[in-house]
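Here is the structure we will look at, set down as structure tokens.
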Amino acid sequence: MANLIEAENLGKRYGSRWLFRRVSLSLTAGDFLVIRGANGSGKSTLARGLAHLIELTEGKVRVDGDPRLAIGYAALDMAVYPHLTPVEHLEMAAELRGAGSVDLDRFGLESCRNTRGQGLSTGQRMRLKIAMAVQVNPPVLILDEPGASLDDAGRAVVEEVVRTQRQSGCVVVATNDPREGVEANLEFRLDD
Amino acid sequence: MNSGWMTEVLAVLRKEARVDVRDLGSLLTVALFSGVTIFAISVASFNQQLKGGIAAGLLWVALLFAAVIGQPRRFLTEEDQGTSDLLRLLARPHAIFWGKCLMGILEMAVTAVAMTLFFFLLTSATLKDPGLYALGLTGSVLALVGATSISGALAASARNRSTLAAAVALPLLVPIIFFGIASLRTSLGEGLPENAWPAAWGLLGYGIASIITGPWIFSAVWRR
Amino acid sequence: MRALKSTKWMAILVGIFMPIATVATFMAPPAAKFQQPDLARMVFWHLPCALVSSVFLFLAPYFAFRFLRTTDIKWDIRAVAAMELGTLLGILTLLTGMLFAKTQWGAWWNWDPRQSSYLMVMLFAAGYFALRSAFSDNEKRAANSGGYLMAALLPFFFLIFVYPRLPQVVSLHPNVIKDGSFDATYKGVFYMMLVLIGVVAAWLYQLRVRAGTLEWDFENQNAELDNRHRSATPRVVRTISLPDQGGTTS
């Protein structure tokens with residue numbers, strides 16, 4: 001089975017302090033990797049590095065094709081535009097990436113489809129970010145603390161998204177929540 | 001399944017336009033600042049016949065400060081409000097830069113025309129060469145937007161980014177001041193056309209050069 | 001050890017030739033075409049400082065470009081060293097220019113186009129260092145300041161070479177080489193000062209690059225020590241092989 005994402009000898013350093021080093025991984029369809037670690041251990045940094053959002057000090061991350069289409073990413077601390085509605089966010093994302101549509105109902109966003117970002121709750125914003133992440137059906141889905149701001153209904157949405165994603169792609173979740181990642185087949189601890 | 005680059009640029013432009021229209025605070029600040037500056041100039045020159053050189057200098061400095069206040073924020077706001085990661089995920093650096101630049105050009109063009117009208121209304125300055133003035137103003141708008149966009153992009157992820165963007169922009173804009181004042185001065189009745197027209201074309205060229213090279217500089221710093 | 005030895009030799013050579021050159025600047029017969037010929041000797045210091053400063057100010061964007069292409073921090077070290085030397089010599093150019101202006105034209109500052117344009121170049125340098133001081137991350141600092149130097153290249157060129165030579169720009173600044181203000185002796189002393197100041201500047205640049213490189217190597221060594229507290233073995237989620245076919249890498 002072809003690897004959907006490969007990372008070799010990843011390392012990130014700030015000044016003379018290494019956050020992590022010599023991390024390698026490869027994931028195929030159906031894989032669910034959960035990254036755990038204490039606060040400040042580098043979970044989010046590793047997730048962002050895998051998503052091509054930051055330059056890592058060492059190592060390579062490899063995906064097939066344009067990372068914007070190959071990787072879907074959503075993080076708790078990522079903001080949405082305060083003056084755009086969920087519909088406008090998704091339209092903009094579709095225009096920028098060339099395709100993609102989303103059923104707002106699937107993510108429980110139908111009721112707030114025309115509410116501007118600043119009027120959305122934290123949980124609604126997280127669902128919007130996840131919706132944008134899966135909009136182009138990326139082979140790789142990376143989520144950073146996805147359940148932190150969600151109620152039970154929201155968590156159910158995340159679980160459904162992860163299950164669907166694993167049918168043809170892979171999932172990476174960075175989290176400290178023991179309730180998340182229980183169905184993962186791979187676990188990686190950053191503070192080992 | 002990839003967008004053409006023009007589609008991406010227009011998508012960023014549309015986003016910028018939507019946000020500007022809905023969050024009028026920034027536009028109003030620039031408008032208020034520009035209006036007050038022109039008003040102050042007219043009060044300071046009350047009852048005096050403004051020569052072309054003085055008028056051009058005052059008007060151009062007012063344009064300069066309007067640009068420095070209004071333009072870098074397009075890049076700074078993405079970091080301030082935490083949406084830079086979202087934009088990185090969705091758009092390519094060239095599309096982001098050109099989309100924001102285009103919106104900046106539209107905004108600055110409207111500001112420049114409004115300031116010009118207000119300036120001629122309130123002061124005794126007279127326009128002698130509309131064609132030269134139009135070319136000089138166009139070049140000024142492009143050059144101002146190009147330079148302030150680059151400075152905004154460079155300062156976006158720094159500490160004290162608002163102040164730093166202005167501080168970094170001003171040296172980039174200083175050479176443009178020579179061209180800008182030289183071209184506007186003659187159109188307002190002072191100086192020789194054979195010096196002013198090359199200055200106006202030079203200004204236009206500088207503006208186009210900064211807008212063309214800006215995306216390359218931006219993409220080098222965008223993902224670090 | 002070799003570095004210390006060459007530093008010692010450079011110090012000796014500069015120690016010998018600098019006093020000789022200084023005496024020569026006072027011994028050369030006054031250049032007739034200046035307004036105050038005897039007080040125009042400042043040009044022996046002013047012009048070489050300006051020329052050498054310009055060299056460093058154009059080297060810096062080149063080094064910045066190399067960093068942006070390779071992301072090797074050693075190019076950034078060279079860029080900042082070049083900017084520091086270029087700025088130092090630029091400030092000396094302005095100061096010596098002001099002394100020249102006072103003796104020849106009667107005022108410290110005349111808003112002469114060459115004076116003004118060089119001051120603006122120094123504003124660029126100030127912007128560069130201000131930008132660098134606003135980042136704590138090495139790579140971000142290098143990338144953003146490097147980008148600034150790329151943006152500054154066209155204005156540098158315009159301010160140093162184009163603007164003072166525009167026909168509509170009237171300058172008090174003498175064009176000493178072109179208009180024959182220098183006779184053979186004057187030229188000889190001038191070239192000697194140019195070589196001397198160039199050599200000293202190059203030497204300072206080398207020392208600065210060496211210091212910056214040592215600082216970076218020291219930080220790297222500290223980082224290696226830090227990593228030894230953690231497991232030295234690679235952490236592999238699943239063994240990979242990296243076939244070299246298509247795809248996007250970062």
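The values are calculated or read from the model by the stated rules, or taken from the named source; none is laboratory data. In this text, all values refer to a predicted model and were calculated from it rather than measured experimentally. Backbone-built Cβ (ideal geometry, glycine too); neighbour counts: all protein chains shown. Calculation scope for accessible area: heavy atoms of the full protein, side chains included, ligands and nucleic acids excluded. Shrake-Rupley method; radii C 1.70, N 1.55, O 1.52, S 1.80 Å.
Between the listed residues C:Ala64, A:Gly30, B:Val145, the Cα displaced farthest toward the positive end of the dipole of the protein assembly as shown, a dipole computed from Cβ unit charges relative to the Cα centre, is found at C:Ala64. Figure the gain on full extension for C:Asp217 and C:Phe26 (residue separation times 0.36 nm, minus the Cα-Cα span) and round it to one decimal in nm. Computed gain between C:Asp217 and C:Phe26 is 64.2 nm. Semi-axes of the equivalent ellipsoid for the range B:150-200, computed as √(5λ) from the eigenvalues of its C-alpha gyration tensor and ordered from largest down, come to 33, 9, 6 Å. Interface of B with C. Using a 1.4 Å probe and counting protein heavy atoms only, the two chains hide about 2400 Å² of accessible surface, both sides summed. When the helices of the protein assembly as shown are scored as -39500 (n - 2.57) per DSSP H run of n ≥ 4 and the total is divided over every residue, the value at 222 nm lands at -21500 deg cm²/dmol. For the residue pairs A:Lys129/B:Lys100; A:Lys60/C:Lys140; C:Lys8/C:Lys140; A:Lys60/A:Lys129; A:Lys12/A:Lys129, the alpha carbons lie more than 30 Å apart in C:Lys8/C:Lys140. Out of every Cα-Cα pair that the range A:1-116 contains, those further apart than 26 angstrom amount to 35 percent. The calculated pair-distance distribution of the range A:141-188 uses every alpha carbon pair, bins of 5 angstrom beginning at 0, and gives 5, 21, 36, 26, 10, 1 percent. Of all aspartates and glutamates in the structure, the ones whose alpha carbon falls short of 14 Å from that of B:Lys51, not counting any fewer than 8 places away in one chain, are B:Glu190.
Scanning residues 5 or more positions from A:Gly65 or on other chains, those with amide H under 5 Å from its amide H are C:Gly247, C:Thr248, with H placed 1.01 Å from N in the peptide plane. For the range A:102-192, GluC sites (Glu not before Pro) are listed when DSSP marks them as loop and at most 15 other Cβ atoms sit within 10 Å of their Cβ; the list is A:Glu183.
Given the options A:Arg68, A:Arg36, A:Arg17, state which has the largest fluctuation in a GNM of chain A using a 10 Å cut-off (strictly under) for Cα springs. It is A:Arg17. Taking a straight Cα-Cα cut-off under 12 Å and skipping sequence neighbours fewer than 8 places away in the same chain, the aspartates and glutamates within cross-link reach of C:Lys74 are C:Glu139, C:Glu215, C:Asp217. Taken about its Cα centre, the protein assembly as shown carries a charge dipole of about 1520 debye when Lys and Arg each add +1 at the Cβ and Asp and Glu each add -1 at the Cβ. Near the amide H of A:Ala174, within less than 5 Å, lie the amide hydrogens of A:Ile35, A:Leu143, A:Asp144, A:Glu145, all on another chain or at least 5 residues away, with H placed in the peptide plane.
FRET efficiency for the A:Asp77 to C:Ala126 pair, using the beta carbon distance and R₀ = 45 Å, is estimated at 0.85.
Placing +1 on each Lys and Arg Cβ and -1 on each Asp and Glu Cβ, with no other charges, gives the range A:78-139 a dipole about its Cα centre of roughly 220 debye. Evaluated with a Cβ-only charge set (Lys, Arg +1; Asp, Glu -1), chain A carries a dipole of roughly 520 debye about its Cα centre, given to the nearest 20. For B:Val36 and B:Arg14, the difference between the fully extended length at 0.36 nm per residue and the C-alpha to C-alpha distance is 5.0 nm.
Each of A:Asn39, A:Ser101, A:Ile5 was scored by the projection of its Cα onto the charge dipole of chain A, and the greatest displacement toward the positive side belongs to A:Asn39; charges sit on the C-beta of Lys, Arg, Asp and Glu. May I ask you to derive the FRET efficiency for C:Leu13 and C:Lys187 from their Cβ-Cβ distance with R0 = 25 Å, giving the value to the nearest 0.05? The value I calculate is 0.65. Shown in residue order for the range A:150-157 are the 3J(HN,Hα) couplings computed by the Karplus curve 6.51 cos²θ - 1.76 cosθ + 1.60 at θ = phi - 60°: 9, 7, 4, 5, x, 4, 4, 4 Hz (x for Gly and Pro). The share of alpha-carbon pairs in the range B:1-53 lying farther apart than 15 Å comes to 68%.
Applying a DSSP loop filter and a limit of 10 other Cβ atoms within 10 Å to the chymotrypsin sites (Phe, Trp or Tyr not before Pro) in the range C:70-167 leaves C:Trp111. For the protein assembly as shown, the convex hull drawn through the C-alpha positions has a volume of 173 cubic angstrom per residue.
Placing pseudo-labels 7 Å out from each Cα toward the beta carbon at B:Val21 and B:Lys51 gives an inter-label distance of 4.7 nm.
Mind checking the angle between helix A:86-97 and chain A's longest principal axis? C-alpha axes, 0 to 90 degrees, to the nearest 10. On a 0 to 90 degree scale, this one is about 50.
Among B:Leu59, B:Leu122, B:Leu102, the largest mean-square fluctuation in a Gaussian network model of chain B, built with springs joining Cα atoms closer than 10 Å, belongs to B:Leu122.
Taking one quarter of the surface of the convex hull spanned by the alpha-carbon atoms of chain B gives a direction-averaged projected area of 12.3 nm².
Taking A:Leu19, A:Leu33, A:Leu46 as the candidate residues, the one with maximal mean-square fluctuation in a Gaussian network model of chain A, Cα springs under 10 Å, is A:Leu19. Between A:Glu160 and A:Arg113, the FRET efficiency estimated from the beta carbon spacing at R0 = 25 angstrom works out to 0.80. Taking all Cα pairs closer than 8 Å and separated by 6 or more residues, the relative contact order of chain A comes to 32 percent.
Derived scalar couplings between HN and Hα for the range C:94-106 equal 5, 5, 5, x, 5, 4, 4, 4, 4, 6, 8, 10, x Hz in order, rounded to whole Hz, by the Karplus curve 6.51 cos²θ - 1.76 cosθ + 1.60 (θ = phi - 60°), x for Gly and Pro.
Let me check I have the definition right: for the range B:46-109, take the eigenvalues of the Cα gyration tensor, multiply each by 5, take square roots. What are those semi-axes in whole Å, largest first? Before the final figure, lay out the partial values.
Details: eigenvalues 263, 28, 9 Å².
Whole-Å semi-axes of the equivalent ellipsoid: 36, 12, 7.
Taking a sphere under 9 Å around the Cβ of B:Gly104 and counting the other residues whose Cβ falls inside, with K and R at +1 and D and E at -1, yields a net charge of 0. Couplings 3J(HN,Hα) of the range B:153-169, computed from phi: 5, 6, 8, 4, 9, 9, 6, 6, 5, 5, 5, 5, 4, 5, 5, 6, 6 Hz, in residue order, whole Hz [Karplus 6.51 cos²θ - 1.76 cosθ + 1.60, θ = phi - 60°; x for Gly and Pro]. Spin-label model, A:Asp105/C:Ala107: points 7 Å from Cα along the beta carbon direction are separated by 7.9 nm.
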